[in-house]
Amino acid sequence: MAPRNEVIFLLFWRGLLGIYNFPGAVYATDGSNDKGVMGAGYFKLDEYRGGCCQLGRGEEGNSSNRAELGAVCLALEDAKKKQDRKPIILLSDSACFLSSSQKWIGEGKSPSMYGNPDADIMRDIVQFLRERIEQGLLTIFIKIKAHRGDPLNELADRWADEGRQSENIRSWSLPTNRPIFYWTDNGITHRSPMNPTVKKRIDLQVSQQQLKIHSGSTANFLIRDDSPRDLLGKFHKDRSVWIQVRRRVLQCLSYQFPCALQLKQWGVLNEVKCRLCEKYCKEKNPRDPPDTVESVGHIQCYWPVLQLPRIAIHHGKGRELIFSIRKSSTELNDASEPR
């Protein structure tokens, strides 16, 4: 691991540090990712020149962080070729790169490349840094703001854009043997390794295939055009709602709620009667006893223990309805105030 006094991460403005008068080399790096092509570029201040390349392996997914890593690796490689034993400063506008690289700096740590999608580039960066540390050379990483008119950042950005058009495709193109998924959307074919977007596409296709073989009320609700599925999605993503409550909603929609009727269909119970309602009817002897089949609808609409929550929900619906009517009303009392 690298001692902290030889590889330094800073988050200050370069103007406050007097970078233009720095006695070593100053590199500005940037990455570009557009239309499935990644480019990396750097600009060296003291020699007023730059370099760029195109990054391969785009079929496994593109990311701006991979392009940023490639730009830093190019700058460190250029500094190694010079062999002038000067300290260097690397300016980067990628906070993601700095945070992912910082865990490799310092003693007492044991990070791993496992699970890193850009391990091939990060491995080269770590090797360059270790070689500089063994030679006693100082390396400073500084975070700068992107697209704020910084001259060095703008020049590095131009080199990165040129890198996407470059014929120089670096060796970071070896496949990782990850499965690649293909799908077509509006006539456009997309491809990507497993990621949250692909998982959502798979879940959507599986649910659509399952809906074709069901004809119940839930299936009709989910495929109906005017159904409030978006509200269910927002409710399920709301982390302020208890996970038990969100899980119960999904169980009800998918016919997985463990009521007596469902448990009998699964072969767990032999009776579908609601034991609580039977006990309640024997004790209270109501005039109109409810249906005693314990289903989800029975639990929600007839259970005596849920009577007060049901009343509160209906009152809340009434208040929301009255508030919406008043808010949307265009009638006037005295031609100046809405009624």
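Worth pointing out:
- Look at region 255-272: where a residue is at positive phi and a partner is surrounded by 12 or more Cβ atoms within 10 Å (Cβ to Cβ), sitting 6+ places away or on another chain with Cβ atoms under 7 Å, you get TYR255/THR218; TYR255/GLN262.
- Boolean, GLN205 is at pLDDT 85 or above and surrounded by fewer than 12 Cβ atoms within 10 Å (Cβ to Cβ): no
- Scope region 48-77; condition in contact (Cβ under 8 Å) with a residue 12 or more places away in the chain and not in a helix (DSSP H, G or I); matching residues: GLY50, GLY51, CYS52, CYS53, GLN54, LEU55, GLY56, ARG57, GLY61, ASN62, SER63
- Test for LEU45: is it touching a helix residue (DSSP H, G or I) at 6+ places or on another chain (Cβ under 9 Å) and touching a residue at least 24 places away in the same chain (Cβ under 8 Å): yes
- When region 20-59 is limited to residues that are buried (at least 18 other Cβ atoms within 10 Å of the Cβ) and of a type in the set (D, E, K, R), the one that is modelled with the lowest pLDDT turns out to be ARG57.
- Consider region 303-339 and keep the residues that are modelled with pLDDT of 85 or more and among the hydrophobic types (A, V, I, L, M, F, W, C). The one that is farthest from CYS281 (Cα to Cα) is ILE325.
- Helices (runs of 4 or more DSSP H) fully within region 118-223 counting 1 or more residues that are farther than 28 Å from GLY39 by Cα and not assigned by TED's automatic domain parsing to the domain that holds CYS73: 196-211, 217-223
The values are calculated or read from the model by the stated rules, or taken from the named source; none is laboratory data. The structure displayed is predicted, hence computed values, not measured ones. Don't worry about glycine lacking a Cβ; one is built from the backbone with ideal geometry, like all the others, and counts go over all protein chains shown.
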